[in-house]
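Every number here is computed from the coordinates shown, using simple stated rules; none is lab data. Remember, it's a predicted structure, so these values are computed and weren't measured experimentally. Ideal geometry is used to build each Cβ from the backbone, glycine not excepted, and the neighbour counts take in all protein chains shown.
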Amino acid sequence: MKKKKISILFVCLGNICRSPSAETIMRKLVSDSGLSEQIEIDSAGTMGYHEGELPDSRMRMHGARRGYSLDSRSRPVCMDDFYEFDYILGMDDRNVADLKRKAPDATTLRKIHRMTDFSKNQLHDHVPDPYYGGASSFELVLDILEDACKGLLEEIETRL
Ligand code: 4NP
């Protein structure tokens, strides 16, 4: 029997801090659960300003300290994403609003959620933009994402 596949797109503003971190954290969780064949993961930004760039060096450094290798390349969200992905997850209200504005129809609109809707223990209602912040901002991003990715995986496992 063909196994069911579910795809997830993580989205932030620049696709160089939050969403590449979510992508890498989720990839590790999925791999550790033996579900890499069934769950596809990618990330993108609502703006294309950093297209082609590796994640921000500060984000890479904080990620590396927790064992994550952040090596995706920034790309902007495109129209195909709305059709191809099952879950489209924005990091904050601005990301979610931008995604909803770009969504081509009601079916794709329903795929859009806030990342923190899947939080288990963290009480933050969004993943704050760390770009103009200090070290603690980058650590907070990782704390929130590690927690929400666990919740997301639990939800997805019920649908496989
Ligand atoms: P991200 O962070 O959306 O988490 O990738 C940012 C990256 C770049 C900028 C803002 C936020 N920027 O203004 O260039």
Long-range amide H partners of E40 with built H, under 5 Å: I6, S7, I8
Within a Gaussian network of the chain (alpha carbon springs, distance under 10 Å), most fluctuating of G134, G45, G14: G134
Candidates P130, P20, P55: whichever shows maximal mean-square fluctuation once the chain is modelled as a Gaussian network with Cα springs under 10 Å: P130
Isotropic mean projected area of the C-alpha convex hull, the chain (nm²): 9.2 nm²
Two-decimal Rg to Rh for the range 32-79 - Kirkwood Rh, Cα set: 1.04
Helix-only mean residue ellipticity at 222 nm for the chain, each DSSP H run of n ≥ 4 adding -39500 (n - 2.57), per residue, nearest 500: -12500 deg cm²/dmol
Hz values of 3J(HN,Hα) by residue in the range 82-95 - Karplus curve (6.51, -1.76, 1.60), Gly and Pro given as x: 5, 8, 7, 9, 8, 10, 10, 10, x, 7, 8, 4, 5, 4
Theoretical FRET efficiency, 1/(1+(r/R0)^6), r = Cβ-Cβ of T107 and Q38, R0 25 Å, to 0.05: 0.70
Relative contact order (%) - the range 1-127, alpha-carbon pairs under 8 angstrom, separation at least six: 28 percent
Whole-Å distance, taken between Cα centres, linking the range 34-93 and the range 5-30: 4 Å
Computed lengthening from R66 to N121, 0.36 nm per intervening residue step minus Cα-Cα distance: 17.9 nm
For the range 1-61, alpha-carbon Rg relative to the globular expectation (2.2 N^0.38 Å, N residues): 1.25
